1. Which condition breaks for GLU307 when tested against (1) at pLDDT 95 or above; (2) in contact with a strand residue (DSSP E or B) (Cβ under 7 Å, 6 or more places away or on another chain)?
2. Given the stretch 133-246, what strands (runs of 3 or more DSSP E) lie entirely inside it while holding 3 or more residues that are within 25 Å of THR111 (Cβ to Cβ) and among the aromatic types (Phe, Trp, Tyr)?
3. Would you mind finding the one in TYR35, TYR17 that is farther than 18 Å from THR281 by Cβ and more than 16 Å from the ligand (Cβ to nearest atom)?
4. Would you say THR128 is in contact with a strand residue (DSSP E or B) (Cβ under 9 Å, 6 or more places away or on another chain), crowded, with 19+ Cβ neighbours inside 10 Å and of a type in the set (Ser, Thr, Tyr)?
5. For a quick check of your reading of the model, give me the residue pairs whose first member lies in the stretch 1-29 and is over 18 Å from THR212 (Cα atoms), whose second is assigned to a loop (DSSP other than H, G, I, E, B) and within 16 Å of the ligand (Cβ to nearest atom), with beta-carbon atoms closer than 9 Å and at least 6 apart or on different chains.
6. Consider ASP366 carefully, then state whether it is within 16 Å of the ligand (Cβ to nearest atom) and out of contact with any Lys or Arg (no Cβ under 8 Å at 6 or more places or on another chain).
7. So if I check each of THR53, THR98, which one is β-branched (Val, Ile, Thr), farther than 19 Å from LEU412 by Cα and more than 16 Å from the ligand (Cβ to nearest atom)?
Amino acid sequence: MTHPTVFVLLDACRSRYLEEGKLPRMAAFAQRSLYAPGMRPGAGFCERSEILTGASAARTGNFAAYGFDPQASPYRAQSLLLRGLGRLPGRIGAKVATRLTRRLAWRRGITMPPHRIPVAALERFRLTEDARDHFEPRGFAVDSLADRLREAGRTWSWHFTAVGVPNGDDDDRLDALEAALSARRDFYLAYVETIDAEGHRLGPDSPEMDETLGRFDDWFMDRVERWMAAIPGLQLAIVGDHGMTSVDRHLNVLDHARSAARRLGLKFGPNRDVECFLDSTMARFWFAHRSMIAPFRDALEAGEMAECGFVVDRALRLEHEIPATGRLYGDLLWWADPGVLIWPDYFHRATDRVLGMHGYDPEHIDSRGFAIIHAPSVAPGRRENRELRDLAPTLAALLQIEAPRDSQGRDLAALPEMVGA
Ligand SMILES: [Zn+2]
(Lines give C-alpha, C1' and ligand atoms only; values in the text may rest on other atoms or scores of the structure.)
Protein backbone atom coordinates (compact mmCIF):
# COMPACT_ATOMS: atom_id res chain seq x y z
CA MET A 1 0.00 0.00 0.00
CA THR A 2 1.15 3.55 -0.78
CA HIS A 3 1.25 6.38 1.75
CA PRO A 4 -1.90 8.53 1.94
CA THR A 5 -1.95 11.51 -0.41
CA VAL A 6 -3.43 14.85 0.64
CA PHE A 7 -4.35 17.26 -2.14
CA VAL A 8 -5.27 20.78 -1.04
CA LEU A 9 -6.65 23.21 -3.61
CA LEU A 10 -5.98 26.81 -2.57
CA ASP A 11 -8.46 28.65 -4.78
CA ALA A 12 -6.89 31.62 -6.60
CA CYS A 13 -3.60 31.39 -4.69
CA ARG A 14 -1.46 32.93 -7.38
CA SER A 15 2.15 32.07 -8.01
CA ARG A 16 3.24 35.65 -7.37
CA TYR A 17 2.17 35.48 -3.71
CA LEU A 18 4.71 32.71 -3.13
CA GLU A 19 7.43 34.08 -5.37
CA GLU A 20 7.21 37.52 -3.70
CA GLY A 21 7.48 36.19 -0.15
CA LYS A 22 3.87 36.86 0.91
CA LEU A 23 3.56 33.25 2.15
CA PRO A 24 7.00 32.75 3.73
CA ARG A 25 6.44 29.41 5.47
CA MET A 26 4.81 27.89 2.40
CA ALA A 27 7.64 29.23 0.21
CA ALA A 28 10.24 27.62 2.50
CA PHE A 29 8.28 24.36 2.32
CA ALA A 30 8.24 24.66 -1.49
CA GLN A 31 12.04 24.87 -1.52
CA ARG A 32 12.17 21.49 0.26
CA SER A 33 9.68 20.01 -2.25
CA LEU A 34 9.07 19.62 -5.95
CA TYR A 35 7.91 23.10 -6.82
CA ALA A 36 6.27 24.36 -10.01
CA PRO A 37 5.75 28.14 -9.93
CA GLY A 38 4.00 30.01 -12.73
CA MET A 39 1.64 27.16 -13.60
CA ARG A 40 -0.71 28.03 -16.45
CA PRO A 41 -4.41 27.22 -16.11
CA GLY A 42 -6.61 26.72 -19.14
CA ALA A 43 -8.84 29.59 -20.26
CA GLY A 44 -12.23 29.86 -18.57
CA PHE A 45 -13.50 28.96 -15.13
CA CYS A 46 -13.45 25.15 -14.90
CA GLU A 47 -10.15 24.43 -13.15
CA ARG A 48 -11.55 21.48 -11.20
CA SER A 49 -12.30 19.70 -14.48
CA GLU A 50 -8.78 20.38 -15.69
CA ILE A 51 -7.17 19.15 -12.47
CA LEU A 52 -9.22 15.96 -12.17
CA THR A 53 -9.02 14.94 -15.84
CA GLY A 54 -5.76 16.51 -17.04
CA ALA A 55 -7.65 17.50 -20.18
CA SER A 56 -8.39 20.81 -21.87
CA ALA A 57 -11.79 22.53 -21.92
CA ALA A 58 -12.13 21.46 -25.55
CA ARG A 59 -11.91 17.82 -24.40
CA THR A 60 -13.97 17.96 -21.18
CA GLY A 61 -16.53 20.34 -22.68
CA ASN A 62 -16.29 22.41 -19.48
CA PHE A 63 -15.26 26.03 -19.99
CA ALA A 64 -17.56 28.45 -18.10
CA ALA A 65 -19.78 27.50 -15.16
CA TYR A 66 -23.00 28.29 -17.04
CA GLY A 67 -23.93 27.13 -20.52
CA PHE A 68 -26.73 28.06 -22.91
CA ASP A 69 -29.07 25.07 -23.09
CA PRO A 70 -32.78 26.02 -22.99
CA GLN A 71 -33.81 22.33 -23.36
CA ALA A 72 -31.93 21.29 -20.23
CA SER A 73 -32.25 24.26 -17.88
CA PRO A 74 -33.47 23.18 -14.42
CA TYR A 75 -35.62 26.33 -14.42
CA ARG A 76 -37.42 25.31 -17.60
CA ALA A 77 -40.55 24.08 -15.81
CA GLN A 78 -40.78 27.41 -13.95
CA SER A 79 -40.52 29.58 -17.05
CA LEU A 80 -44.00 31.18 -16.87
CA LEU A 81 -43.53 32.21 -13.27
CA LEU A 82 -40.00 33.51 -13.91
CA ARG A 83 -41.10 35.53 -16.93
CA GLY A 84 -43.77 37.12 -14.73
CA LEU A 85 -41.24 37.92 -12.01
CA GLY A 86 -38.92 39.35 -14.66
CA ARG A 87 -41.55 41.96 -15.50
CA LEU A 88 -41.65 43.43 -11.97
CA PRO A 89 -40.60 47.04 -12.49
CA GLY A 90 -37.59 48.92 -11.17
CA ARG A 91 -34.77 48.03 -8.81
CA ILE A 92 -37.17 47.00 -6.02
CA GLY A 93 -38.97 44.71 -8.47
CA ALA A 94 -35.68 43.08 -9.46
CA LYS A 95 -34.79 42.61 -5.80
CA VAL A 96 -38.13 40.96 -5.02
CA ALA A 97 -37.80 38.76 -8.12
CA THR A 98 -34.31 37.60 -7.08
CA ARG A 99 -35.46 36.80 -3.54
CA LEU A 100 -38.51 34.85 -4.72
CA THR A 101 -36.42 32.97 -7.29
CA ARG A 102 -33.96 31.91 -4.63
CA ARG A 103 -36.80 30.58 -2.51
CA LEU A 104 -38.28 28.78 -5.51
CA ALA A 105 -34.94 27.12 -6.30
CA TRP A 106 -34.61 25.95 -2.71
CA ARG A 107 -38.16 24.55 -2.62
CA ARG A 108 -37.82 22.70 -5.90
CA GLY A 109 -34.39 21.32 -5.02
CA ILE A 110 -32.74 23.14 -7.93
CA THR A 111 -28.98 23.16 -7.23
CA MET A 112 -28.12 25.75 -9.91
CA PRO A 113 -27.80 29.01 -7.96
CA PRO A 114 -29.63 31.93 -9.60
CA HIS A 115 -26.90 34.40 -8.49
CA ARG A 116 -27.73 37.73 -10.20
CA ILE A 117 -28.77 36.18 -13.50
CA PRO A 118 -31.88 38.07 -14.69
CA VAL A 119 -34.73 35.80 -13.60
CA ALA A 120 -36.26 35.70 -17.08
CA ALA A 121 -32.92 34.38 -18.44
CA LEU A 122 -32.60 31.47 -15.97
CA GLU A 123 -34.64 29.11 -18.18
CA ARG A 124 -32.02 29.54 -20.93
CA PHE A 125 -29.00 28.22 -18.97
CA ARG A 126 -27.72 25.21 -17.05
CA LEU A 127 -24.63 24.29 -15.02
CA THR A 128 -21.79 22.69 -16.98
CA GLU A 129 -18.88 21.52 -14.78
CA ASP A 130 -21.22 21.00 -11.83
CA ALA A 131 -24.01 19.29 -13.79
CA ARG A 132 -22.70 15.98 -12.44
CA ASP A 133 -21.04 14.74 -9.26
CA HIS A 134 -17.37 14.42 -10.22
CA PHE A 135 -16.89 11.38 -8.03
CA GLU A 136 -19.86 9.43 -9.35
CA PRO A 137 -19.01 7.02 -12.21
CA ARG A 138 -18.56 9.05 -15.42
CA GLY A 139 -18.57 12.35 -13.53
CA PHE A 140 -16.96 13.94 -16.58
CA ALA A 141 -17.42 13.45 -20.30
CA VAL A 142 -13.83 12.11 -20.31
CA ASP A 143 -11.87 9.78 -18.05
CA SER A 144 -10.89 11.22 -14.65
CA LEU A 145 -8.81 10.63 -11.58
CA ALA A 146 -12.00 9.51 -9.81
CA ASP A 147 -12.56 6.81 -12.46
CA ARG A 148 -8.94 5.64 -12.13
CA LEU A 149 -9.17 5.57 -8.31
CA ARG A 150 -12.37 3.55 -8.41
CA GLU A 151 -11.02 1.06 -10.93
CA ALA A 152 -7.86 0.56 -8.87
CA GLY A 153 -9.96 -0.04 -5.74
CA ARG A 154 -8.54 3.01 -3.96
CA THR A 155 -10.36 4.94 -1.24
CA TRP A 156 -10.84 8.68 -0.95
CA SER A 157 -12.09 11.28 1.49
CA TRP A 158 -13.92 14.29 0.01
CA HIS A 159 -13.53 17.71 1.68
CA PHE A 160 -13.71 19.50 -1.62
CA THR A 161 -16.23 21.77 -3.31
CA ALA A 162 -19.15 21.44 -5.71
CA VAL A 163 -21.92 23.88 -6.63
CA GLY A 164 -25.06 23.18 -4.61
CA VAL A 165 -23.29 20.89 -2.09
CA PRO A 166 -22.91 22.74 1.25
CA ASN A 167 -19.61 21.72 2.79
CA GLY A 168 -18.82 24.24 5.54
CA ASP A 169 -15.99 26.76 5.62
CA ASP A 170 -12.22 26.32 5.40
CA ASP A 171 -11.91 25.41 9.09
CA ASP A 172 -14.73 22.87 8.80
CA ARG A 173 -13.23 21.19 5.74
CA LEU A 174 -9.64 21.01 7.00
CA ASP A 175 -10.80 19.91 10.48
CA ALA A 176 -12.80 17.12 8.83
CA LEU A 177 -9.81 16.12 6.71
CA GLU A 178 -7.58 16.01 9.78
CA ALA A 179 -10.10 13.88 11.67
CA ALA A 180 -10.29 11.49 8.71
CA LEU A 181 -6.50 11.02 8.46
CA SER A 182 -6.63 8.23 11.02
CA ALA A 183 -8.99 6.30 8.69
CA ARG A 184 -6.01 5.94 6.32
CA ARG A 185 -7.73 6.61 3.02
CA ASP A 186 -5.57 6.64 -0.10
CA PHE A 187 -6.56 10.10 -1.31
CA TYR A 188 -7.80 13.18 0.55
CA LEU A 189 -9.10 16.19 -1.37
CA ALA A 190 -9.66 19.52 0.33
CA TYR A 191 -10.75 22.91 -0.91
CA VAL A 192 -9.71 26.24 0.66
CA GLU A 193 -11.63 29.37 -0.33
CA THR A 194 -10.16 32.17 1.83
CA ILE A 195 -7.50 33.40 -0.59
CA ASP A 196 -9.99 33.60 -3.45
CA ALA A 197 -12.67 35.38 -1.41
CA GLU A 198 -10.23 37.86 0.12
CA GLY A 199 -8.40 38.44 -3.17
CA HIS A 200 -11.68 39.43 -4.81
CA ARG A 201 -12.63 41.71 -1.92
CA LEU A 202 -9.30 43.34 -1.06
CA GLY A 203 -7.44 43.20 -4.37
CA PRO A 204 -4.37 40.94 -4.72
CA ASP A 205 -1.82 43.77 -4.59
CA SER A 206 -3.17 45.62 -1.54
CA PRO A 207 -1.45 45.88 1.89
CA GLU A 208 -4.64 44.40 3.41
CA MET A 209 -4.18 41.33 1.23
CA ASP A 210 -0.52 41.04 2.31
CA GLU A 211 -1.70 40.92 5.94
CA THR A 212 -4.36 38.34 5.10
CA LEU A 213 -1.77 36.17 3.37
CA GLY A 214 0.60 36.42 6.34
CA ARG A 215 -2.11 35.20 8.72
CA PHE A 216 -3.20 32.53 6.27
CA ASP A 217 0.37 31.22 5.95
CA ASP A 218 0.54 30.47 9.69
CA TRP A 219 -3.01 29.05 9.84
CA PHE A 220 -2.32 26.72 6.92
CA MET A 221 1.28 25.66 7.54
CA ASP A 222 0.52 24.86 11.22
CA ARG A 223 -1.98 22.35 9.90
CA VAL A 224 0.38 20.93 7.27
CA GLU A 225 3.05 20.39 9.91
CA ARG A 226 0.54 18.65 12.19
CA TRP A 227 -0.58 16.31 9.40
CA MET A 228 3.00 15.41 8.53
CA ALA A 229 3.81 14.70 12.16
CA ALA A 230 0.69 12.52 12.52
CA ILE A 231 1.20 10.42 9.37
CA PRO A 232 4.81 9.47 8.59
CA GLY A 233 5.38 9.30 4.84
CA LEU A 234 2.34 11.48 4.08
CA GLN A 235 2.31 12.70 0.47
CA LEU A 236 1.18 16.28 -0.09
CA ALA A 237 0.11 18.26 -3.12
CA ILE A 238 -0.60 21.93 -2.43
CA VAL A 239 -1.96 23.72 -5.47
CA GLY A 240 -2.93 27.28 -6.40
CA ASP A 241 -5.20 26.63 -9.39
CA HIS A 242 -5.03 30.09 -10.95
CA GLY A 243 -4.17 33.69 -10.17
CA MET A 244 -5.88 36.94 -9.29
CA THR A 245 -5.53 40.29 -11.08
CA SER A 246 -6.09 43.76 -9.63
CA VAL A 247 -9.19 45.37 -11.08
CA ASP A 248 -8.55 48.88 -12.39
CA ARG A 249 -11.52 49.51 -14.65
CA HIS A 250 -15.25 48.76 -14.64
CA LEU A 251 -16.97 48.38 -17.99
CA ASN A 252 -20.73 48.35 -18.45
CA VAL A 253 -20.90 45.74 -21.21
CA LEU A 254 -24.66 45.42 -20.80
CA ASP A 255 -25.18 49.07 -21.79
CA HIS A 256 -22.83 48.75 -24.78
CA ALA A 257 -24.50 45.54 -25.95
CA ARG A 258 -27.99 46.99 -25.59
CA SER A 259 -27.12 50.08 -27.58
CA ALA A 260 -25.34 48.02 -30.25
CA ALA A 261 -28.51 45.92 -30.63
CA ARG A 262 -30.67 49.06 -30.77
CA ARG A 263 -28.49 50.60 -33.51
CA LEU A 264 -28.87 47.40 -35.54
CA GLY A 265 -32.64 47.27 -35.00
CA LEU A 266 -32.36 44.05 -32.95
CA LYS A 267 -34.37 43.17 -29.84
CA PHE A 268 -32.19 42.47 -26.79
CA GLY A 269 -33.05 40.06 -23.95
CA PRO A 270 -33.82 36.42 -23.12
CA ASN A 271 -35.30 34.59 -26.10
CA ARG A 272 -35.03 37.74 -28.31
CA ASP A 273 -32.74 38.52 -31.27
CA VAL A 274 -29.68 38.90 -29.04
CA GLU A 275 -29.23 37.50 -25.54
CA CYS A 276 -26.20 37.45 -23.28
CA PHE A 277 -24.49 35.94 -20.26
CA LEU A 278 -22.12 38.16 -18.28
CA ASP A 279 -19.27 36.43 -16.48
CA SER A 280 -16.94 38.87 -14.74
CA THR A 281 -14.34 38.75 -17.51
CA MET A 282 -16.26 37.34 -20.45
CA ALA A 283 -19.47 38.37 -22.18
CA ARG A 284 -21.17 35.72 -24.27
CA PHE A 285 -23.89 36.39 -26.83
CA TRP A 286 -26.45 34.26 -28.66
CA PHE A 287 -28.45 35.28 -31.71
CA ALA A 288 -31.81 34.32 -33.18
CA HIS A 289 -30.20 34.18 -36.66
CA ARG A 290 -26.59 33.64 -37.70
CA SER A 291 -26.79 36.67 -40.01
CA MET A 292 -26.95 38.92 -36.93
CA ILE A 293 -23.54 37.83 -35.60
CA ALA A 294 -21.20 39.76 -37.92
CA PRO A 295 -22.85 43.18 -37.65
CA PHE A 296 -23.13 42.81 -33.86
CA ARG A 297 -19.47 41.79 -33.64
CA ASP A 298 -18.45 44.84 -35.65
CA ALA A 299 -20.50 47.04 -33.34
CA LEU A 300 -18.71 45.51 -30.31
CA GLU A 301 -15.29 46.03 -31.82
CA ALA A 302 -15.53 49.80 -31.55
CA GLY A 303 -15.11 52.54 -28.93
CA GLU A 304 -14.74 51.62 -25.25
CA MET A 305 -15.39 47.90 -25.88
CA ALA A 306 -12.41 47.80 -28.25
CA GLU A 307 -10.21 49.60 -25.70
CA CYS A 308 -11.08 47.12 -22.94
CA GLY A 309 -11.05 43.72 -24.60
CA PHE A 310 -11.57 41.75 -27.78
CA VAL A 311 -13.87 39.38 -29.60
CA VAL A 312 -12.55 35.80 -29.54
CA ASP A 313 -12.20 34.65 -33.14
CA ARG A 314 -11.76 31.10 -34.44
CA ALA A 315 -7.98 31.19 -34.16
CA LEU A 316 -8.15 32.31 -30.51
CA ARG A 317 -10.76 29.65 -29.75
CA LEU A 318 -8.36 27.02 -31.06
CA GLU A 319 -5.33 28.53 -29.31
CA HIS A 320 -7.12 28.61 -25.94
CA GLU A 321 -8.80 25.22 -26.49
CA ILE A 322 -12.26 26.69 -25.97
CA PRO A 323 -14.99 24.17 -26.87
CA ALA A 324 -16.13 25.18 -30.35
CA THR A 325 -18.95 22.73 -30.94
CA GLY A 326 -22.55 23.64 -30.20
CA ARG A 327 -23.81 26.92 -28.80
CA LEU A 328 -23.16 26.20 -25.11
CA TYR A 329 -20.53 28.93 -24.67
CA GLY A 330 -21.88 31.53 -27.07
CA ASP A 331 -22.29 32.33 -30.73
CA LEU A 332 -19.97 35.22 -29.95
CA LEU A 333 -17.50 35.58 -27.10
CA TRP A 334 -15.97 38.86 -25.90
CA TRP A 335 -13.02 38.70 -23.48
CA ALA A 336 -11.90 41.52 -21.18
CA ASP A 337 -8.27 42.64 -20.97
CA PRO A 338 -6.55 41.95 -17.61
CA GLY A 339 -7.85 44.39 -14.98
CA VAL A 340 -11.13 45.16 -16.76
CA LEU A 341 -14.21 44.02 -14.83
CA ILE A 342 -17.53 43.53 -16.57
CA TRP A 343 -19.91 45.51 -14.35
CA PRO A 344 -22.65 44.72 -13.67
CA ASP A 345 -22.09 40.97 -14.15
CA TYR A 346 -24.32 38.03 -13.20
CA PHE A 347 -22.50 37.18 -9.97
CA HIS A 348 -22.36 40.35 -7.87
CA ARG A 349 -24.58 43.04 -6.41
CA ALA A 350 -23.94 46.58 -7.61
CA THR A 351 -22.86 47.42 -4.04
CA ASP A 352 -20.30 44.57 -3.76
CA ARG A 353 -16.64 45.50 -3.43
CA VAL A 354 -14.63 43.68 -6.10
CA LEU A 355 -10.98 44.73 -6.39
CA GLY A 356 -9.58 41.47 -7.75
CA MET A 357 -10.74 39.11 -10.50
CA HIS A 358 -9.58 36.03 -12.43
CA GLY A 359 -10.52 34.56 -15.79
CA TYR A 360 -8.17 36.72 -17.87
CA ASP A 361 -5.49 35.63 -20.36
CA PRO A 362 -3.78 32.58 -18.76
CA GLU A 363 -0.41 33.65 -20.21
CA HIS A 364 -0.35 36.70 -17.92
CA ILE A 365 1.86 36.23 -14.83
CA ASP A 366 -0.99 37.33 -12.53
CA SER A 367 -3.12 34.48 -13.92
CA ARG A 368 -0.63 31.77 -12.95
CA GLY A 369 -0.97 29.30 -10.10
CA PHE A 370 1.56 26.80 -8.69
CA ALA A 371 2.04 23.29 -7.36
CA ILE A 372 4.05 22.00 -4.42
CA ILE A 373 4.54 18.23 -4.33
CA HIS A 374 6.05 16.86 -1.13
CA ALA A 375 6.53 13.11 -0.84
CA PRO A 376 9.29 10.73 0.26
CA SER A 377 9.47 9.34 -3.28
CA VAL A 378 9.71 12.74 -5.00
CA ALA A 379 13.03 14.59 -5.14
CA PRO A 380 12.93 18.34 -4.43
CA GLY A 381 13.40 20.48 -7.52
CA ARG A 382 11.87 23.23 -9.59
CA ARG A 383 9.74 22.98 -12.74
CA GLU A 384 9.15 26.20 -14.65
CA ASN A 385 6.23 27.15 -16.87
CA ARG A 386 4.17 24.02 -16.46
CA GLU A 387 0.42 23.64 -16.87
CA LEU A 388 -2.44 22.94 -14.48
CA ARG A 389 -3.32 19.83 -16.49
CA ASP A 390 -0.04 18.26 -15.25
CA LEU A 391 -1.71 17.73 -11.88
CA ALA A 392 -3.79 14.72 -12.96
CA PRO A 393 -0.83 12.57 -14.07
CA THR A 394 1.28 13.89 -11.16
CA LEU A 395 -1.35 12.89 -8.59
CA ALA A 396 -1.88 9.56 -10.36
CA ALA A 397 1.84 8.79 -10.02
CA LEU A 398 1.74 9.58 -6.28
CA LEU A 399 -1.29 7.30 -5.91
CA GLN A 400 0.35 4.61 -8.05
CA ILE A 401 -2.61 4.44 -10.39
CA GLU A 402 -2.94 4.97 -14.11
CA ALA A 403 -3.25 8.58 -15.29
CA PRO A 404 -6.68 9.56 -16.64
CA ARG A 405 -6.80 8.33 -20.25
CA ASP A 406 -7.69 11.69 -21.79
CA SER A 407 -5.03 13.60 -19.85
CA GLN A 408 -2.79 15.89 -21.91
CA GLY A 409 -0.51 16.68 -18.95
CA ARG A 410 2.86 15.33 -17.79
CA ASP A 411 3.90 13.93 -14.42
CA LEU A 412 5.87 16.84 -12.90
CA ALA A 413 8.13 14.48 -10.95
CA ALA A 414 9.16 12.64 -14.12
CA LEU A 415 10.11 15.81 -16.03
CA PRO A 416 13.69 17.03 -16.16
CA GLU A 417 14.51 20.12 -14.11
CA MET A 418 14.30 22.83 -16.76
CA VAL A 419 11.61 21.53 -19.08
CA GLY A 420 9.48 24.33 -20.48
CA ALA A 421 11.69 27.10 -19.07
ZN1 LIG B 1 -12.82 33.55 -7.52
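The values are calculated or read from the model by the stated rules, or taken from the named source; none is laboratory data. Keep in mind that this is a model prediction, so the values were computed, not measured. Cβ placement follows ideal geometry from the backbone for every residue including glycine, while neighbour counts extend to all protein chains displayed.
1. Checking GLU307 against (1) at pLDDT 95 or above; (2) in contact with a strand residue (DSSP E or B) (Cβ under 7 Å, 6 or more places away or on another chain), the one that fails is (2).
2. On the way: elements: 156-159, 187-192, 235-240.
Hits in the stretch 133-246: 187-192.
3. Details: TYR17 fails: more than 16 Å from the ligand (Cβ to nearest atom).
Residue meeting the stated conditions: TYR35.
4. Details: in contact with a strand residue (DSSP E or B) (Cβ under 9 Å, 6 or more places away or on another chain): yes; crowded, with 19+ Cβ neighbours inside 10 Å: yes; of a type in the set (Ser, Thr, Tyr): yes.
So THR128 fits the description; yes.
5. Final answer for the pair search is PHE7/PHE160.
6. So ASP366 does not fit the description; no.
7. Residue meeting the stated conditions: THR98.
A quick yes/no check of all residues on (1) part of a helix (DSSP H, G or I); (2) modelled with pLDDT under 95; (3) on the phi > 0 side of the Ramachandran plot; (4) not polar (S, T, N, Q):
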residue: HIS3; (1), (2), (3), (4): no, yes, no, yes
residue: LEU18; (1), (2), (3), (4): yes, no, no, yes
residue: PHE29; (1), (2), (3), (4): yes, no, no, yes
residue: GLY38; (1), (2), (3), (4): no, no, yes, yes
residue: ALA77; (1), (2), (3), (4): yes, yes, no, yes
residue: LEU82; (1), (2), (3), (4): yes, yes, no, yes
residue: LEU88; (1), (2), (3), (4): no, yes, no, yes
residue: ARG91; (1), (2), (3), (4): yes, yes, no, yes
